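Chemist: Please see the structure below; I have some questions.
The values are calculated or read from the model by the stated rules, or taken from the named source; none is laboratory data. Please read all numbers here as calculations on a predicted model, not as lab measurements. Because the Cβ atoms are built from the backbone with ideal geometry, glycine has one as well, and the counts that use them run over all protein chains shown.
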Amino acid sequence: MSTLKLDTLISRAREVAGTTPSSITAPYLIMGSSKIWTQFTSITTTTIDQSFNVTSLTDGGTGITTVNITSAMSASKYALSAMVRSISVVSIVIPDYNAIPAAATTSISVRSINQASTGYDTDFGIIAQGSLA
Amino acid sequence: MSTLRVTNAWPISGISQSLMRGMAKVWNQFADAGTVASNAGLNMSSMTDGGTGDYTTTFTSAMISNAAQAWKHSVRTDGGATISCLFNQTSYSTTTHRQTTFNDAGTTGNATIGSLVVIGTLA
């Protein structure tokens, strides 16, 4: 295993071309990179399609899924992004934090609901930005 | 101070990855229980409460342009027989991002918990 310690990362191609900005500092590399992402479905059986830093999913009922994290986050306060698929043409579906707090250090609870605020099983994608423990 | 100049970044197995432009340059997780407050964030200096469901995040380091940004919002919806909160990007600049929560009737409502992620290029 190799470890790299640095303060600034410079794009050599952009530097050679004289294109700015050509660099990024360590905080953006560490805190700006996605620590968790997963695409999953809950339509029939809750199943991971693709993922990073995700151990498993737990089906919490219609539209409700807990994403179990492999390497824990340092704190429960991190940013989530989510996208869901509206399968029925008559339903608006939105992703939602499932609880307060929904984001814990080792799991994230999310839900998808329709315009009647009713749980809705669908295809789901989430991304989390923050710091690992 | 250490500086690394790279053309490509390669994992031990797999293909090279685009590092710089794919990083989030701003993120903010916040709550509004009457008073809006940031819980945690990256490259943000403050939040402004513009009224019910109206939030502006101010960046510490500016983005290079208005065009070179993509955003993601997430929100907790609470109660009601309808979708109670959706985020809408209201306005943005190189140093601020304003977002609003509203229901399906177009009425603004406070976000119990919300997130903003900005991906793009810093100035």
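Chemist: Which of the residues that make up the stretch A:1-23 are under 30 Å from A:Ile108 (Cα atoms) and surrounded by 14 or more Cβ atoms within 10 Å (Cβ to Cβ)?
Modeler: Those that are under 30 Å from A:Ile108 (Cα atoms) and surrounded by 14 or more Cβ atoms within 10 Å (Cβ to Cβ): none in the stretch A:1-23.
Chemist: Confirm whether B:Ala37 is loosely packed, with under 15 Cβ neighbours inside 10 Å and at pLDDT 85 or above.
Modeler: So B:Ala37 passes the test.
Chemist: Further question on the same structure: Which of the residues spanning the stretch B:35-74 are among the hydroxyl-bearing types (Ser, Thr, Tyr) and over 13 Å from B:Ser115 (Cα atoms)?
Modeler: Answer for the stretch B:35-74, where residues must be among the hydroxyl-bearing types (Ser, Thr, Tyr) and over 13 Å from B:Ser115 (Cα atoms): B:Thr35, B:Ser45, B:Ser46, B:Thr48, B:Thr52, B:Thr58, B:Thr60, B:Ser61, B:Ser65.
Chemist: Hey, another quick one. Only one residue in A:Thr25, A:Thr44, A:Thr55 is touching a strand residue (DSSP E or B) at 6+ places or on another chain (Cβ under 7 Å) and more than 13 Å from chain B (Cβ to nearest Cβ). Which one?
Modeler: Going through A:Thr25, A:Thr44, A:Thr55 in turn, the sole match is A:Thr55.
Chemist: For the stretch B:58-72, check the following and say yes or no: at least one residue is in contact with a Lys or Arg (Cβ under 7 Å, 6 or more places away or on another chain) and of a type in the set (Gly, Ala, Ser).
Modeler: Checked against the condition, which is being in contact with a Lys or Arg (Cβ under 7 Å, 6 or more places away or on another chain) and of a type in the set (Gly, Ala, Ser), the stretch B:58-72 yields no hits at all.
Chemist: Would you point out the residue of the stretch A:65-82, among those that are aliphatic (A, V, I, L, M) and more than 14 Å from chain B (Cβ to nearest Cβ), that is surrounded by the most Cβ atoms within 10 Å (Cβ to Cβ)?
Modeler: This residue is A:Ile69.
Chemist: Can you find a residue in the stretch B:22-33 that is in contact with a Leu (Cβ under 9 Å, 6 or more places away or on another chain), at the interface with another protein chain (Cβ under 7 Å from one of its Cβ atoms) and at pLDDT below 85?
Modeler: Within the stretch B:22-33, not a single residue is in contact with a Leu (Cβ under 9 Å, 6 or more places away or on another chain), at the interface with another protein chain (Cβ under 7 Å from one of its Cβ atoms) and at pLDDT below 85.
Chemist: Would you say A:Lys77 is modelled with pLDDT of 90 or more and within 26 Å of B:Thr57 (Cβ to Cβ)? Walk me through how you get there before you give the answer.
Modeler: Working: modelled with pLDDT of 90 or more: no; within 26 Å of B:Thr57 (Cβ to Cβ): yes.
No.
Yes or no, residue by residue, for (1) within 13 Å of chain A (Cβ to nearest Cβ); (2) modelled with pLDDT of 85 or more; (3) within 29 Å of A:Thr25 (Cβ to Cβ); (4) crowded, with 22+ Cβ neighbours inside 10 Å:
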{"residue": "B:Ala62", "(1), (2), (3), (4)": "yes, yes, yes, no"}
{"residue": "B:Gly79", "(1), (2), (3), (4)": "yes, no, no, no"}
{"residue": "B:Thr94", "(1), (2), (3), (4)": "yes, yes, yes, no"}
{"residue": "B:Gln99", "(1), (2), (3), (4)": "yes, yes, yes, yes"}
{"residue": "B:Leu116", "(1), (2), (3), (4)": "yes, yes, yes, yes"}
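Chemist: How many residues does the stretch A:24-39 hold that are within 19 Å of A:Tyr97 (Cβ to Cβ) and either touching a Cys at 6+ places or on another chain (Cβ under 6 Å) or crowded, with 20+ Cβ neighbours inside 10 Å (or both)?
Modeler: 3
Chemist: Show the residue pairs that are 6+ apart or on different chains and have beta-carbon atoms under 8 Å apart, the first residue being within the stretch B:54-78 and under 16 Å from B:Met20 (Cβ atoms), the second being part of a strand (DSSP E or B) and charged (D, E, K, R).
Modeler: Short answer, once both residue conditions are applied: B:Ser61/B:Lys25; B:Met63/B:Lys25.
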